[in-house]
Amino acid sequence: MKTHEAYMRRCFDLARLGAGNVSPNPMVGAVLVHQNRIIGEGFHRRYGQAHAEVNAVNSVRAQDRHLLPEATLYVSLEPCCIFGKTPPCTNLILEHRIPRVVISCLDQTPGVAGKGVEILRTAEVEVLTGVLEAEGQRLSAIRNTFVTQQRPYVILKFAQTKDRFIGPEDGRQYWITNAYTKRLVHRWRSEADAILVGTNTALSDDPQLTNRFYFGKSPLRVVLDKSLRLPKTLALFDGTPTLVFTERTDVLGGNHLEYASIAFDQNLVPQILAHLAEKKCTSLIVEGGAQLLQAFLNAGIWDEARVFTGAKYLFKGIPAPILPVAPAYSQVIAGDLLEVFFNQRS
């Protein structure tokens, strides 16, 4: 007999299929089980469309629908109880008389945050919470960070050589990792709402910051350009939407370019994140360079760091940022080491 944990892991797998398509909503997966048999499953596919619970119920075959009043619904995140783009999922559960609901973690969205569980229990639905809770919270961290801290979930990403340099001293472009790693990075881009680089990185690397080697969309490109010294011949200005943060107040955007005026001072990071939150960007990848990455580390405003260590040595160059925590886990990708860190304060 499968355990609660086994069905919840299936919920997690389903939820991740919505990555890159559901923001600013969370990724959610749901599974309906009757006597140790999955009779329905679903995930939130796209923002504004049906939630995971609705898709799970709709997937139940006609010959199995009479089993719903005897089934258990597993869901990776607390069912919503408020009207948004779609009706509350708590209503759906009660309408179909589903008697048991197993939840990984609570939804921190104001108006939900335990209220969904309360509504179900008041209606005499048996509710179990906290199944694989830490994993569920990690899966829902982007959404919960956005609704509780009013900012995007911040992912720092950089590559370093074996001797911990991120590039040559002269700032020229220097490729550290392999083609497999590059494909993975483009997958991450497809899942993020925005991606940010500093002025020097834009000048030296001339990055496109688009998703070209994986399925799905590209993130909103964001660049810092305090005095608007970046030439319009750069790839960042090629016609794909780009947001430019500057101190100038006398410039107008248009077509694919948007300008936002902020003060380039000690509060730079909060200003960037506040503006992106207003645009409903729930996740941000910070690509660098070293000065920009360090600004986020100094502010203590980051949630996750993904660090590649390639097989090369530079012997001297621009030192890589030093993270204040140990890696949560690591893996080797075709010779490159990937380490993932989580900010314990976020």
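The values are calculated or read from the model by the stated rules, or taken from the named source; none is laboratory data. Please read these numbers as outputs of a predicted model, since none were measured by experiment. Cβ: placed from backbone, ideal geometry, glycine included. Neighbour counts: every protein chain shown. Remember, those area values only see protein heavy atoms, side chains included, never the ligands or the DNA or RNA. Shrake-Rupley method; radii C 1.70, N 1.55, O 1.52, S 1.80 Å.
Structure values in brief
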item: On Cα atoms only, tilt of 4-16 relative to the major axis of the chain in degrees; result: 50 degrees
item: Coil-residue trypsin sites (Lys or Arg not before Pro) of segment 1-105, DSSP, other Cβ within 10 Å capped at 12; result: 2, 46, 61, 85, 97
item: Loop chymotrypsin sites (Phe, Trp or Tyr not before Pro), segment 158-247 (other Cβ atoms within 10 Å of the site Cβ: 10 or fewer; DSSP); result: 215
item: Descending principal axes extents, segment 269-346, alpha-carbon based, whole Å; result: 40, 26, 21
item: Which of 90, 233 is most accessible, then next, and so on - probe 1.4 Å; result: 233, 90
item: Whole-angstrom gap from segment 328-346 to segment 157-204, using each part's C-alpha centre; result: 15 Å
item: Antiparallel bridges, percent of DSSP beta bridges restricted to the chain (to nearest 5); result: 40 percent
item: Distribution of pairwise C-alpha distances over segment 193-346, 5 Å bins, in %; result: 2, 8, 16, 20, 21, 16, 10, 5, 2, 0
item: Accessible surface of the chain [probe 1.4 Å, protein heavy atoms]: carbon and sulfur percent; result: 50 percent
item: 25 °C / 0.890 mPa s Stokes-Einstein diffusion coefficient of the chain, Kirkwood radius on C-alpha pairs, µm²/s; result: 113 µm²/s
item: Accessible area of residue 27 in the full protein assembly, 1.4 Å probe (Å², nearest 10); result: 40 Å²
item: Residues of the chain: accessible area per residue with a 1.4 Å probe, Å²; result: 47 Å²
